[in-house]
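The values are calculated or read from the model by the stated rules, or taken from the named source; none is laboratory data. The structure displayed is predicted, hence computed values, not measured ones. Virtual Cβ from ideal backbone geometry, glycine too; neighbours counted across all protein chains shown. The accessibility values were calculated without ligands, DNA or RNA, using every heavy atom of the protein model including side chains. Shrake-Rupley method; radii C 1.70, N 1.55, O 1.52, S 1.80 Å.
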Amino acid sequence: MNHDPFHWGRPNQETYGTYNYNIAQASNQQHESQLDDFPKMHTQQPIITGTSVVSLKFKDGIIIAADNLGSYGSLLRFNNLERLIKVGDETVVGISGDISDLQQLERILAQLEIEEEIYDSDGGHKLRAPHVHEYLSKILYNRRSKMDPLWNAVIVGGFNEDGTPFLKYVDLLGVTYGSSTLATGFGSHLAVPLLRQLIPNDIDYTKVEEEDARKVLENCMRVLFYRDARAADKYSLVTIKSQTSESGSKQITFNHEKELKVENQSWKFAKDISGYGSKQL
Amino acid sequence: MRTTVASEYSAEVHHVPIEHRFNPYSDNGGTVLGIAGEDFAVLAGDTRQVEGYSIHTRYQPKVFDVGDDIIMTANGFAADGVALIDRFRNQLKWYKFDHGGKKLNIKSAARYIQHLLYGKRFFPYYVHTIIAGLDEDGKGAVYSYDPVGSYEREQCRAGGAAASLIMPFLDNQVNFKNQYEPGTDGKKKKDLRYLKLEEVLELVRDAFSSATERHIYVGDGLELLIVTKEGVRTEYYPLKRD
């Protein structure tokens, strides 16, 4: 047997002669008619990108933030992108990664909203975060299976059927997971530890007040701006919460704040850095 | 132009340009373990999900009750695992629609899953699949698969990141491998016997707490599904989170 990883399992050439690649389309070489064609290409890499999306649950809802920057490699190409998308009445989708794929997802989600309105004419069903997440995960997994991925990492936030907060992630491979603290990209390294300080165990979000959650999230955006070279100090923030009114009925509010700035920056440490920063003065 | 795919073998000499292609797989860690008893079967998995050195979440269940008293897990690349289990669940639902709610035998479920896996032989589900339940005689059954559908019925099987740590322990403690009767000078093998549920649960907890110590992809929590003739029940034990 031939043990070359590219010809693994094929009969040995010295013994059996040249392998007939046309058997059952077993070729890992291209067909003769294609020999001069350029290889077929799909999205091979993101072009204009958005960096981290950061989010967490608190006792009556979720908060999510993403900055407004679109980077073209190391060029700060756009500074007015909105990467938090409202879907239905009480769901937000935060998207990082390729911006053209983000816009494609934006259109797909708009279509989903329209179809939900048409087919649910009696209003018996509500489009909620778990449905949006399941739908997006099927789209992303399907595209990765075609080897033509949508180059994004997505966080979906909102509420479950039973009114508890919902927060789940899905990325270009179709990998999904849920947690009380979620972030994409650089945020998963820099922001998640800060968020987990507030919510050590998944269930602890029930003890977290909105103000505290917001404070930590603002700090995350600050830390990301300090250390993520592809982050900006202008960002958007969405808070979705369910409040019980005096009459006892649940009211869901969706608050989309735009053009927020990273406040209270401190660059005092900078004057003490010399050389590459490893040298202690 | 003829090209070939970039491989892990960086020293390899190529005669045609290499392509840097999108990699459709990732390793999401975690480990799973199934043990069959005389009138029960258990399937356990840790609840950590990782990618590289990042812990994505500390609680993402991966062992599921898929119906008809069959429990199932597919450990490895998380997206494929979810896709495989979703497809099986869906097919089981249609089997019931088509056959007047008839219960699917675990033996038939096992053969069907082989076909689901082999159907993607040339773009495999990158998972180690295990199902557990009770057979026609009410005896515990565990079936385990490789990523392309080769399967067998066993008394026990560990899968996923720490399979190589847990499996030898299971060989010794479940199938009594390398265990001999005291005083026979290694001549008489220890007789096989069914383990009690309490013994099995203790083995599973020990296996997972030990794997947690030695493998970075294992930890946070242990979720255990147990099938008996009464049905399926779930237990949870915390594991170390470091």
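I need to check one value: relative contact order of chain A, counting alpha carbon pairs closer than 8 Å and at least 6 residues apart, in percent.
Once normalised by length, the contact order is 20 percent.
Can you work out ³J(HN,Hα) from phi for every residue in the range A:165-170, in order, using Karplus 6.51 cos²θ - 1.76 cosθ + 1.60 and θ = phi - 60°, giving whole Hz and x for Gly and Pro?
Ordered by residue, 3J(HN,Hα) equals x, 10, 8, 8, 10, 8 Hz.
Just from its helices, what would the mean residue ellipticity at 222 nm be for chain A, if runs of 4 or more DSSP H residues each count -39500 (n - 2.57) and the sum is divided by every residue, rounded to the nearest 500 deg cm²/dmol?
Rounded to the nearest 500, it is -8500 deg cm²/dmol.
With label points built 7 Å along Cα→Cβ from the Cα atoms of A:Ser266 and B:Tyr112, find their separation and express it in nm.
6.1
Over the Cα atoms of the range B:1-77, compute the convex hull volume and normalise it per residue, giving Å³. List each step's numbers first, then the result.
On the way: hull volume 13.4 nm³, N = 77.
So the per-residue Cα hull volume is 174 Å³.
So who's got an amide H within less than 5 Å of the one on B:Asn28, skipping anything under 5 residues away but keeping other chains? H placed 1.01 Å off N, in plane.
Residues meeting the amide H criterion: B:Gly76, B:Phe77, B:Ala78.
Using 7 Å Cα-to-Cβ label points, what is the B:Arg241/A:Asp204 separation (nm, one decimal)?
A separation of 0.6 nm, rounded to one decimal place.
For the range A:52-58, just list the computed ³J(HN,Hα) in residue order, Karplus coefficients 6.51, -1.76 and 1.60, θ = phi - 60°, integers in Hz, with x standing in for Gly and Pro.
For the range A:52-58, the Karplus-derived couplings read 3, 10, 10, 8, 7, 8, 9 Hz, x marking Gly and Pro.
Based on DSSP loop calls and a cut-off of at most 11 other Cβ atoms within 10 Å, the longest stretch of chain B free of exposed GluC sites (Glu not before Pro) is what?
B:9-135
Kyte-Doolittle cut-off -1.0, length cut-off 27 Å along the helix's own axis using Cα: show which whole DSSP H helices in chain B pass.
Membrane-span-like by this rule: B:78-98.
If the viscosity is 1.567 mPa s and the temperature 4 °C, what Stokes-Einstein diffusion coefficient in µm²/s follows for the range A:138-281 when Rh is the Kirkwood radius over Cα pairs?
Value of D from the Cα-based Kirkwood radius: 72 µm²/s.
Convert 10 °C to kelvin, take the viscosity as 1.306 mPa s, use the Kirkwood radius over C-alpha pairs of the protein assembly as shown as Rh, and evaluate the Stokes-Einstein diffusion coefficient in µm²/s, rounded to a whole number.
Once the numbers are plugged in, D ends up at 61 µm²/s.
Test of the criteria: in the range A:61-160, which trypsin sites (Lys or Arg not before Pro) are in a DSSP loop and have at most 13 other Cβ atoms within 10 angstrom of their Cβ?
Qualifying residues, ordered by number: A:Lys146.
Once phi is turned into θ = phi - 60°, what whole-Hz ³J(HN,Hα) does the Karplus curve with 6.51, -1.76 and 1.60 give for every residue of the range B:32-44, x standing for Gly and Pro?
The phi angles translate into 9, 7, x, 9, 9, x, 5, 10, 7, 9, 10, 9, 10 Hz.
Enumerate the aspartates and glutamates that B:Lys96 could reach by cross-link, defined here as Cα to Cα under 13 Å, with residues fewer than 8 away along the same chain left out.
B:Asp68
Tally Lys and Arg at +1 and Asp and Glu at -1 over the other residues with C-beta under 11 Å from the C-beta of B:His115: what net charge comes out?
Residues near B:His115 contribute +4 overall.
Given N residues in the range A:48-262, what is Rg(Cα) / (2.2 N^0.38 Å)?
Numbers: Rg = 16.6 Å, N = 215, 2.2 N^0.38 = 16.9 Å.
That ratio works out to 0.98.
If we count every other residue with Cβ under 11 angstrom of A:Trp151's Cβ, Lys/Arg +1 and Asp/Glu -1, where does the sum land?
Counting the neighbours of A:Trp151, the net charge comes to -2.
What three numbers, in Å, describe the spread of the alpha carbons of the range B:189-235 along their principal axes, ordered from the longest?
Projected onto the principal axes, the Cα atoms of the range B:189-235 cover 35, 34, 13 Å.
List the GluC sites (Glu not before Pro) within the range A:199-230 that DSSP assigns to loop and that have no more than 11 neighbouring Cβ atoms inside 10 Å.
A:Glu209
May I ask for the accessible area buried between chains B and A, both sides summed, probe 1.4 Å, to the nearest 100 Å²? Intermediate values should be presented prior to the final figure.
Working: alone 13600 and 16760 Å², together 27690 Å².
Summing both sides, the interface buries roughly 2700 Å².
Within straight cross-link reach of B:Lys103, meaning Cα distance under 25 Å, which lysines are found once same-chain residues fewer than 8 apart are removed?
Partners found: B:Lys62, B:Lys93, B:Lys139, B:Lys229.
Any idea what Rg and Dmax come out to for the range B:142-223 if you just take the C-alpha atoms, in Å?
Considering the range B:142-223 through its Cα atoms, Rg and Dmax are 14.7, 45 Å.
Once every DSSP H run of n ≥ 4 in chain B is given -39500 (n - 2.57) and the sum is divided by its residues, what mean residue ellipticity at 222 nm do you get, rounded to the nearest 500 deg cm²/dmol? Before the final figure, lay out each step's value.
Values: 4 runs with 63 residues, N = 242.
Helix-only estimate at 222 nm: -8500 deg cm²/dmol.
Once you mark the chymotrypsin sites (Phe, Trp or Tyr not before Pro) that are in a DSSP loop and have at most 11 other Cβ atoms within 10 Å, what is the longest gap between them in chain B?
Numbers: sites that count: B:Tyr9, B:Tyr53, B:Phe122.
In chain B, the maximal stretch lacking such sites is B:123-242.
Among the listed pairs A:Lys168/A:Lys250; A:Lys57/A:Lys261; A:Lys126/A:Lys241, which have their C-alpha atoms separated by more than 20 angstrom in this model?
Those over the limit are A:Lys168/A:Lys250; A:Lys57/A:Lys261.
Under a crude label model (7 Å from the Cα following the beta-carbon direction), how far is B:Asp86 from B:Met167 in nanometres?
The two pseudo-label positions are separated by 3.0 nm.
Just flag the GluC sites (Glu not before Pro) in the range A:94-163 sitting in loop per DSSP whose Cβ has no more than 16 other Cβ atoms within 10 Å.
Hits after loop and neighbour filter: A:Glu161.
Could you tell me the convex hull volume per residue, in Å³, taken over the Cα atoms of the range A:202-281?
Numbers: hull volume 12.7 nm³, N = 80.
Dividing the Cα hull volume of the range A:202-281 by its residue count gives 159 Å³.
Where does the charge balance sit around A:His125 when Lys and Arg score +1, Asp and Glu -1, over other residues with C-beta under 11 Å from its C-beta?
That sum, taken over residues with Cβ under 11 Å, equals -3.
Given Cα positions, please report Rg to Rh for chain B, the hydrodynamic radius being the Kirkwood one.
Answer for chain B: 1.03.
Name the long-range amide H neighbours of B:Tyr180: under 5 Å, sequence gap of 5 or more, or other chain; modelled H, no Pro or chain starts.
B:Lys190
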